[in-house]
1. So, in the range 319-344, how many residues would count as being touching a residue at least 60 places away in the same chain (Cβ under 8 Å) and either basic (Lys, Arg) or in contact with a Ser or Thr (Cβ under 9 Å, 6 or more places away or on another chain) (or both)?
2. Got at least one residue in the range 219-237 being within 13 Å of the ligand (Cβ to nearest atom), under 24 Å from residue 138 (Cβ atoms) and part of a strand (DSSP E or B)?
3. Could you say whether any residue in the range 218-235 is over 17 Å from the mean Cα position of the chain (by Cα) and in the same structural domain as residue 98 (by TED's automatic domain parsing)?
4. Filter the range 54-78 down to residues that are under 18 Å from residue 296 (Cβ atoms) and either open to solvent by 40 Å² or more (accessible area, probe 1.4 Å) or in a helix (DSSP H, G or I) (or both), then give me how many there are.
5. Just to verify a result, which residue in the range 227-266, among those that are in contact with a Leu (Cβ under 7 Å, 6 or more places away or on another chain) and on the phi > 0 side of the Ramachandran plot, is surrounded by the fewest Cβ atoms within 10 Å (Cβ to Cβ)?
6. Give me the residue from the range 174-206 that is in a helix (DSSP H, G or I) and over 27 Å from residue 138 (Cα atoms) and, out of that set, nearest to the ligand (Cβ to nearest atom).
7. Got a sec? Which of 154, 93 is touching a residue at least 60 places away in the same chain (Cβ under 8 Å), more than 16 Å from the ligand (Cβ to nearest atom) and among the hydroxyl-bearing types (Ser, Thr, Tyr)?
8. Would you mind stating whether residue 154 is of a type in the set (Ser, Thr, Tyr) and either within 17 Å of the chain's Cα centre (by Cα) or farther than 28 Å from residue 360 by Cα (or both)?
Amino acid sequence: MNTMEKFNKNVMQSYGRYPLVIEKGEGVRCNDENGKLYIDFGSGIGVNSLGFCDEKWADAVCSQVRSVQHTSNYYYTAVQAEFAEKLCKISGYDSVFFCNSGAEANECAIKTARKYSFDKYGKNRHNIITLVNSFHGRTMATLSATGQDVFHNYFFPFLDGFVNVTANDTDDFKAKADGSVCAVMLEYVQGEGGVNVLEKDFVNAIYEICAERDILVIADEVQTGAGRTGKFLAGEHFGKKADITTMAKGIAGGIPMGACLVNEKCSGVLVAGTHGSTFGGNPIACAGGNVVIDRLSEAGFMEEIQEKSRYINEKLKERSEVVSVSGLGLMIGIKLRTKNASDVVKKALEKGLLLLTAKDKIRLLPPLTISYGELEEGLKILIEILEE
Ligand SMILES: *Cc1c(COP(=O)(O)O)cnc(C)c1O
């Protein structure tokens, strides 16, 4: 049996997979079992932020594996302390809870918001506003939070207490942000929802209304965080800092890691016994995370991301097949005029380029370390397909 046959016989068929077995990667490139090379414009959905097997990252991870690979959270490790300090410092947050995924980070945010409100106001102020077209994860609570009807099937009953507001509709938000609401959860750039950047006026209005009514703002930066948009957090583009920010995907460069960051207001909410995670803050993940933050902190690194973003925009926007290019930094959505996005992804795969989709758009989430030469090479393949 070959790899794909073995895989499909034994792994649940919960994904539509492309016929590619990735064998080895280095930087922006990887190869399949037959040695065919690919340029990666997806980073495993924005996870391999430094590309495949970055030298320093791999050294830090391997050396951690050989000293302490895990301890329970009843003990301390220096590597988790170092990562927590780095993360709080670069993000400006007060404290962090570590878990292992984006959905788990959002679960922590939801629990924090509800308990903050319960402690202060008692019961019945538990509703959380989320936006239409959002995506917050696959657990029961985060599916319930996700503002897309396609996700609200089969698994009934979903959790109560989520209210949807249309993105960029301030009046809708104002009307629904009543006395039953403890928090609003938003993505500054909706990733899975189609790489849609929220309007500044809408974000400003949310923060203003929330401040008036002591409603917490939760920013789901699982996809946008860790430098993806050319700032450490996408909120910086809006001049905003949420009460709670969640991160995952790219934060540890390819090792499962989720983080729920809170400001001073929420720092004391989750006391001993109210939340936990066996694997949360795993030393190997923290060792990877330390290298990611160090790299993002290097002089000019973030500016370079924005520069690369402009380069991609320039290359794409004059194409007749491209209706529009959306997104921020190296999180880019391409709306096509006549072609079907998933057909383009399949053709690109044949030609040695890995792409993603988001709704009906092509989505690019290349490694943040990609060079201009590599960008040009990948874009050439993409443009050829678009102009066929
Ligand atoms: C990917 C994603 C999640 C879910 O993260 P998992 O690690 O798959 O649980 C949540 N929110 C956003 C915005 C995401 O992009």
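1. Result for the range 319-344: 9.
2. Looking for residues that are within 13 Å of the ligand (Cβ to nearest atom), under 24 Å from residue 138 (Cβ atoms) and part of a strand (DSSP E or B), one finds at least one in the range 219-237, hence yes.
3. no
4. Of the residues in the range 54-78, 7 are under 18 Å from residue 296 (Cβ atoms) and either open to solvent by 40 Å² or more (accessible area, probe 1.4 Å) or in a helix (DSSP H, G or I) (or both).
5. 230
6. 200
7. Only one candidate qualifies: 93.
8. Against the criterion (of a type in the set (Ser, Thr, Tyr) and either within 17 Å of the chain's Cα centre (by Cα) or farther than 28 Å from residue 360 by Cα (or both)), residue 154 does not qualify.
The values are calculated or read from the model by the stated rules, or taken from the named source; none is laboratory data. Predicted model, so just to flag it, every value in this text is computed and none were measured. With ideal geometry, Cβ positions are generated from the backbone for all residues, glycine too; neighbour counts draw on all protein chains shown. When the accessible area is computed, the model is the full protein with side chains, heavy atoms only, and any ligands, DNA or RNA have been set aside. Shrake-Rupley method; radii C 1.70, N 1.55, O 1.52, S 1.80 Å.
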